[in-house]
Amino acid sequence: MAEARWREISSRLTRIGLFPVKGVQASLLAEKDPDGLIDKAQEFGYTGVLTEELLVELKLRTEAKAAPEPAQVEPTGETVGRVIAPISQTEPTPADRPHGLPHFSLDGFPMLATDVDTELDIHFDITGKSTTEGKMADFLSLFNNRLEKLKRIIVQTGRLPNRVISVNQLIRDKSRYTSSNNTATVIGLVNDVRHKGDNLYFNIEDESGQIFCLLSPAHDNEGAALVRRRNQVLTAGLMNDDVVGITGHVSPQRRDMLIVNDIHLPPLEKHRKRAAPADQAVSVAFLSDLHLGSNTFLHAQWDKMAKWFHEDPLAKTIKYLVLSGDVVDGVGIYKNQEQELEIVDVYKQYEGVARLIEGLPDWIETMILPGNHDAVRPAEPQPALDPRIQEYYNSTTFVGNPCEFSLHGVRVLSYHGVSIMEFVSSMRNVTFSEPEKAMAEMLERRHLAPTYGGKTPLSPEPEDHMVIEEIPDIFVTGHVHGHYCGEHKGVTLVHSSTWQDQTDYQRMLGFQPKPCILTVVNLHTHETASIPFA
């Protein structure tokens, strides 16, 4: 009886944005009129974490408001004093949520998941479509296709100052382009990037040849937009195999060097998100890197989340759960891994994940992408998990990595995120503690993993499927065990949280993961909520 009563009270508290800490349950159940207290909490505007101290304050304010007003004294005409500065009561501010996560309102999550049918459309998935034979022709086709796609995006803006010419034509006619008043524009792939002092040196290459380039800090008199573009690239750097446009002139001192006047990355304008219809206003939740099978998998926190899914009002709006790779820890992924495994059979690991998903409510549609710990090829794009593994699951959708899909018309790009390591090592403005900066750079470059032959294994497919041809409404990654939910130029960025505690390797590096945070996005309102379970 008491448990049922507490579920009713807890649900009311959640609806007004109050989250009770341990110990408050007994105090509220002992009250004569807990519903009246909750009404007063809503009237006073209380939100956030409901502690014992806040409950005592609420009771005192309720009693004070219920007390009779003091009798009014008729004025006698005598002036007792004058008001220097009236004292106004300060509005209570919401208490901080765990891990500094932002507050959210259930008003942004208006519809139950059970009221809407599944609507999932997959736009791209490499599964069954990989055609590479690993020959030289495949490598050439991959880079030519990348250059063709991104060159078209850059040219279509109409912002280039000149008609694009080939590198070979620039070299052949370099005597025409020896002045900053007479520039040439080329588009190609970047290689051999290096900083020296305040300058950035690199080669740019297209199908016809390559030329050495020098990018120096812009002068203030060159125009605000140009100064911003050049200095942003100088500050952050370029990545090998980026596709960029260069406008410049040939150095009078070195006829084999192009002095860069302006640099053109694929444009990313402010994006206007698509929204699900109002009568389909359900939510999608994101997780990544469960690493089931590791002895650092957080079992108790998963059980806590599963219980939350069955009971919480917000959970009942979640129609889809996307797991963006590394659902298991795998076997033989790194040296001496078996010493850190709780389950040493990879098939048993996938069986365990299937049982975890079965414990969630049946209204939730689950999608699983592979990651670098999963039992698929390491080279990206990766196909979906093997059909023998899929047999363990009842109603889960399996897709490749990356995958572009739509939920009720909202376009989602999900990528496990191995290339984040490449961005951290190549760019000055990206760190493991802020993976969202790597995600923003992927969008700005319109490419998920530009560098070939680095930390990210890439399959030389005849077509480059890592190009971001259409800007998504939601972009989600994982891999580095952080957490972030925010926006970049109108795109919702979600870096999914892990369900693995700090490993020995992370401890050695001094890296602290951010585990057990479920990110929820409503497909109609695009409101977000981050729910911690640790």
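The values are calculated or read from the model by the stated rules, or taken from the named source; none is laboratory data. Note that the coordinates shown come from a computational prediction; the quantities given were computed from them, not determined experimentally. Cβ: placed from backbone, ideal geometry, glycine included. Neighbour counts: every protein chain shown.
Going by the structure shown, is Gln301 part of a helix (DSSP H, G or I), polar (S, T, N, Q) and over 30 Å from Pro450 (Cβ atoms)?
Judged against the criteria, Gln301 is a match.
Looking at Val480, Val520, which one is of a type in the set (Val, Ile, Thr), touching a residue at least 24 places away in the same chain (Cβ under 8 Å) and assigned to a strand (DSSP E or B)?
Val520
Checking Met442 against (1) touching a Ser or Thr at 6+ places or on another chain (Cβ under 9 Å); (2) touching a residue at least 60 places away in the same chain (Cβ under 8 Å); (3) over 30 Å from Thr317 (Cα atoms); (4) buried (at least 22 other Cβ atoms within 10 Å of the Cβ): exactly one of these is not met. Which one?
Among (1) touching a Ser or Thr at 6+ places or on another chain (Cβ under 9 Å); (2) touching a residue at least 60 places away in the same chain (Cβ under 8 Å); (3) over 30 Å from Thr317 (Cα atoms); (4) buried (at least 22 other Cβ atoms within 10 Å of the Cβ), the lone unmet condition for Met442 is (2).
With Thr431, Thr498 as the choices, which residue is in a loop (DSSP other than H, G, I, E, B), hydroxyl-bearing (Ser, Thr, Tyr), modelled with pLDDT under 95 and under 30 Å from Gln301 (Cα atoms)?
Numbers: Thr498 fails: modelled with pLDDT under 95.
Being in a loop (DSSP other than H, G, I, E, B), hydroxyl-bearing (Ser, Thr, Tyr), modelled with pLDDT under 95 and under 30 Å from Gln301 (Cα atoms) holds for just one of Thr431, Thr498, which is Thr431.
Based on this model, can you work out whether Gly330 counts as surrounded by 15 or more Cβ atoms within 10 Å (Cβ to Cβ), in contact (Cβ under 8 Å) with a residue 24 or more places away in the chain and on the phi > 0 side of the Ramachandran plot?
yes
Suppose we keep only residues that are over 25 Å from Ala529 (Cβ atoms) and assigned to a loop (DSSP other than H, G, I, E, B) within region 48-69. Which one would you say is modelled with the lowest pLDDT?
So, considering only residues that are over 25 Å from Ala529 (Cβ atoms) and assigned to a loop (DSSP other than H, G, I, E, B), the one modelled with the lowest pLDDT is Glu69.
For Leu323, are the conditions met, namely being within 19 Å of the chain's Cα centre (by Cα), closer than 24 Å to Ala375 by Cβ and surrounded by 14 or more Cβ atoms within 10 Å (Cβ to Cβ)?
Here the answer is yes, as Leu323 does meet what is asked.
For region 298-325, give me the residue count where each residue is touching a helix residue (DSSP H, G or I) at 6+ places or on another chain (Cβ under 7 Å) and closer than 18 Å to Val494 by Cβ. Spell out the reasoning first.
Filtering region 298-325 for residues touching a helix residue (DSSP H, G or I) at 6+ places or on another chain (Cβ under 7 Å) gives 302, 308-309, 311-319.
Narrowing the set further to residues that are closer than 18 Å to Val494 by Cβ leaves 314-315, 317-319.
Qualifying residue count for the region: 5.
Would you mind finding the one in Thr178, Thr127, Thr132 that is farther than 27 Å from Pro267 by Cβ, buried (at least 18 other Cβ atoms within 10 Å of the Cβ) and among the polar types (S, T, N, Q)?
Of Thr178, Thr127, Thr132, the one residue that is farther than 27 Å from Pro267 by Cβ, buried (at least 18 other Cβ atoms within 10 Å of the Cβ) and among the polar types (S, T, N, Q) is Thr127.
Here is a check on your reading of the model: is Lys348 part of a helix (DSSP H, G or I) and either surrounded by fewer than 19 Cβ atoms within 10 Å (Cβ to Cβ) or touching a Pro at 6+ places or on another chain (Cβ under 8 Å) (or both)?
Yes, satisfied.
Given the condition farther than 25 Å from Val116 by Cβ, touching a Pro at 6+ places or on another chain (Cβ under 6 Å) and of a type in the set (Val, Ile, Thr), answer yes or no: does some residue in region 372-388 qualify?
The answer is yes, given that some residue of region 372-388 is farther than 25 Å from Val116 by Cβ, touching a Pro at 6+ places or on another chain (Cβ under 6 Å) and of a type in the set (Val, Ile, Thr).
State which residue is farthest from Ala95 (Cα to Cα) when the search covers only region 1-25 and only residues that are in contact with a strand residue (DSSP E or B) (Cβ under 8 Å, 6 or more places away or on another chain) and not in a strand (DSSP E or B).
The qualifying residue farthest from Ala95 (Cα to Cα) is Ser10.
I'd like the full set of residues that are over 10 Å from Cys485 (Cα atoms) and either buried (at least 23 other Cβ atoms within 10 Å of the Cβ) or polar (S, T, N, Q) (or both), limited to region 516-534.
Cys516, Ile517, Leu518, Asn522, Leu523, Thr525
So that you can scan it fast, the table gives a plain yes or no per residue for (1) in contact with a Leu (Cβ under 7 Å, 6 or more places away or on another chain); (2) crowded, with 19+ Cβ neighbours inside 10 Å; (3) in contact (Cβ under 8 Å) with a residue 60 or more places away in the chain:
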{"position": "Ala218", "(1), (2), (3)": "yes, yes, no"}
{"position": "Ala225", "(1), (2), (3)": "no, no, no"}
{"position": "Arg229", "(1), (2), (3)": "no, no, no"}
{"position": "Thr235", "(1), (2), (3)": "no, no, yes"}
{"position": "Val260", "(1), (2), (3)": "yes, yes, no"}
{"position": "Arg272", "(1), (2), (3)": "no, no, yes"}
{"position": "Val284", "(1), (2), (3)": "yes, yes, yes"}
{"position": "Gln301", "(1), (2), (3)": "no, no, yes"}
{"position": "Phe309", "(1), (2), (3)": "yes, yes, no"}
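If you go through region 428-435 one residue at a time, do you hit one that is assigned by TED's automatic domain parsing to the domain that holds Ala276, within 16 Å of the chain's Cα centre (by Cα), of a type in the set (D, E, K, R) and closer than 22 Å to His195 by Cβ?
Yes, region 428-435 has at least one match.
Could you tell me which of the residues Asn394, Asn372 is in contact (Cβ under 8 Å) with a residue 12 or more places away in the chain and surrounded by fewer than 18 Cβ atoms within 10 Å (Cβ to Cβ)?
Step by step, each of Asn394, Asn372 is checked, and only Asn394 is in contact (Cβ under 8 Å) with a residue 12 or more places away in the chain and surrounded by fewer than 18 Cβ atoms within 10 Å (Cβ to Cβ).
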